[in-house]
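Chemist: To start, I am sharing the structure in question, which I have written as structure tokens.
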Amino acid sequence: MILALDVGNTNIVIGYLESEENIAFVERLSTDLSKTSLEYAISFKNVLEMYHVDISQIDGVILSSVVPPITQRIGQAITTATGHKAMVVGPGVKNGLHIKMDNPAQLGSDRVVCAVAGVRDYPVPLIIIDLGTATTVEVVDKDKCYIGGMILPGVNASLEALVRQTSQLSKIGLDRPRRLIGKNTSECMKSGIIYGNAACLDGLIDRIEEELGEPATVVATGGLAHVIVPHCRHSITIDDALLLKGLLLIYQKNQEA
């Protein structure tokens, strides 16, 4: 069994899996820059104990992170909690992805991981949308080359900025709006955030397909995919396990190597 972790700006996703079909659990911890390595180790240990995981059954650990200040700290915590040194996705780790970017080293490890799983599991050309703290869009061409993408403000980040910068708007939940044209402030905000983000994704997909010169498969992942994607007009497949599948694939590639 493999322990896979993805350190994001808001959450740390922890998955314990043997194969794509056998995912024992997926949990999330808050990303906290002030936590020490020991505090993280205790948190990881508690999660493993909660699911009655026998440490001796863990064959290895793989870690991706987009929060460099705590990557090493998380790695030390994993070693303390499990006895395994984590394989950290980055330079020197084989991923099999052909990246056509100005500086491939700048590409976030989470985006690499999702693209690795996407190329293996879905027809190309492929558009991958990750709706997390930021909304990222990745594009893989018909030759299975990663050619670039976009980074947008995340759904919650947009909402928080709207509330923070305006005097009369208060924070709202992201439940489904009752109607497109809001009849009160709360409805107007919900409609603007949810339908606005959905329309943004639809428009980006149209423009990407126009530049590619052909239709593309579209896959979405991330914590807010289920909030926004149902309101999009394009056909978009939601794959909650995309990141974990990518981490498992990269781990297996490097074991084979």
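The values are calculated or read from the model by the stated rules, or taken from the named source; none is laboratory data. Since the model is a prediction, treat every value here as computed from it, not as a measurement. Heads up, the Cβs are rebuilt from the backbone with ideal geometry, glycines too, and the neighbour counts pull from every protein chain shown. Surface accessibility is based on the protein's heavy atoms, side chains included, excluding ligands, DNA and RNA. Shrake-Rupley method; radii C 1.70, N 1.55, O 1.52, S 1.80 Å.
Chemist: Taking the chain as a Gaussian network, Cα atoms linked when under 10 Å apart, which of Val67, Val140, Val219 shows the biggest mean-square fluctuation?
Modeler: Of the options given, Val67 has the highest mean-square fluctuation.
Chemist: Less than 16 Å apart at the alpha-carbon level, and either on another chain or at least 8 residues along: which lysines does that give for Lys142?
Modeler: Lys100
Chemist: Moving to a separate point now. What FRET efficiency do you get for Ser186 and His226 if R0 is 22 Å and r is their Cβ-Cβ distance, rounded to the nearest 0.05?
Modeler: 0.60
Chemist: Here's another thing I want to ask about it. Which one of Gly83, Gly132, Leu243 is farthest out on the positive end of the charge dipole of the chain, using unit charges on Cβ (Lys, Arg +1; Asp, Glu -1) and the Cα centre as origin?
Modeler: Gly132
Chemist: On to the next question. Cα to Cα, under 17 Å, and not fewer than 8 places away if on the same chain: which lysines meet these conditions relative to Lys245?
Modeler: Excluding near neighbours in sequence, the set is Lys94, Lys253.
Chemist: Another question about this same structure. Across bins of 10 angstrom width beginning at 0, how are the C-alpha pair distances of the chain distributed, in whole percent?
Modeler: Final binned percentages: 7, 29, 32, 23, 9, 1.
Chemist: Sticking with this structure for a sec: Using a Förster radius of 35 Å, what is the FRET efficiency between Asp102 and Ser34 based on their Cβ-Cβ separation? Nearest 0.05, please.
Modeler: That gives a FRET efficiency of 0.50.
Chemist: Let me ask something else about it. At a Förster radius of 45 Å, what calculated FRET efficiency corresponds to the Cβ-Cβ distance of Leu162 and Asp54, to the nearest 0.05?
Modeler: 0.45
Chemist: Only Cα pairs under 8 Å and at least 6 apart count here; give the relative contact order of the range 1-93 as a rounded whole percent.
Modeler: 31 percent
Chemist: When only alpha-carbon atoms are used, what values of Rg and Dmax, in angstrom, describe the range 1-118?
Modeler: When restricted to the Cα atoms of the range 1-118, Rg and Dmax are 14.2, 45 Å.
Chemist: Please give the per residue volume of the convex hull enclosing the alpha carbon atoms of the range 114-158, rounded to a whole number of Å³.
Modeler: It is 57 Å³ per residue.
Chemist: Convex hull over the alpha-carbon atoms of the range 132-257: what's its volume per residue in Å³?
Modeler: Spelled out: Cα convex hull of the range 132-257, divided by residues, is 127 Å³.
Chemist: In straight Cα distance, which aspartates and glutamates are under 20 Å from Lys85, not counting same-chain residues fewer than 8 positions off?
Modeler: Correct list for Lys85: Asp6, Glu18, Glu39, Glu49, Asp54, Asp59, Asp110, Glu256.
Chemist: How big is the range 46-89 along each principal axis, measuring the range of its Cα positions in Å and listing the largest first?
Modeler: Cα extents, longest axis first: 30, 19, 15 Å.
Chemist: Taking the full set of protein chains and a 1.4 angstrom probe, give the accessible area of Leu243 in square angstrom, rounded to the nearest 10.
Modeler: In the full protein context, Leu243 sits at about 20 Å².
Chemist: Measuring with a 1.4 Å probe in the full set of protein chains, what accessible area per residue, in whole Å², belongs to the chain?
Modeler: 50 Å²
Chemist: Where Rh denotes the Kirkwood radius from the mean inverse Cα pair distance, what is Rg over Rh for the range 129-183?
Modeler: A ratio of 1.16.
Chemist: Using only Cα atoms, locate the centre of the range 92-119 and the centre of the range 196-240, then give the distance between them in Å, rounded to an integer.
Modeler: Cα centroid to Cα centroid, the span is 20 Å.
Chemist: Considering only DSSP states other than H, G, I, E and B, which trypsin sites (Lys or Arg not before Pro) in the range 154-257 qualify as loop sites with at most 15 other Cβ atoms within 10 Å?
Modeler: In loop regions of the range 154-257 (DSSP not H, G, I, E or B), the sparsely surrounded trypsin sites (Lys or Arg not before Pro) are Lys171, Arg178, Arg179, Lys183, Arg233.
Chemist: OK, next. Over all directions, what mean area does the Cα convex hull of the range 78-119 project, stated in square nanometres?
Modeler: Averaging across all directions leaves 3.7 nm² for the Cα convex hull.
Chemist: Using +1 on the beta carbon of Lys and Arg, -1 on that of Asp and Glu, and nothing else charged, what's the dipole of the chain about the Cα centre, debye to 20?
Modeler: 680 debye
Chemist: If I build a Gaussian network model for the chain, linking alpha-carbon pairs within less than 10 angstrom, which residue out of Thr185, Thr221, Thr31 has the largest mean-square fluctuation?
Modeler: Thr185
Chemist: For Ala24 and Glu211 in the same chain, what is the full-extension length gain: residue separation times 0.36 nm, less their Cα-Cα distance, in nm?
Modeler: Length gained between Ala24 and Glu211: 63.3 nm.
Chemist: In addition: How high is the relative contact order of the range 34-84? Use alpha-carbon pairs under 8 Å, at least six apart in sequence, and give a whole percent.
Modeler: 61 percent
Chemist: Among Asp202, Asp130, Asp143, determine the one that fluctuates most according to a GNM of the chain built with springs between C-alpha atoms less than 10 Å apart.
Modeler: Of the options given, Asp143 has the highest mean-square fluctuation.
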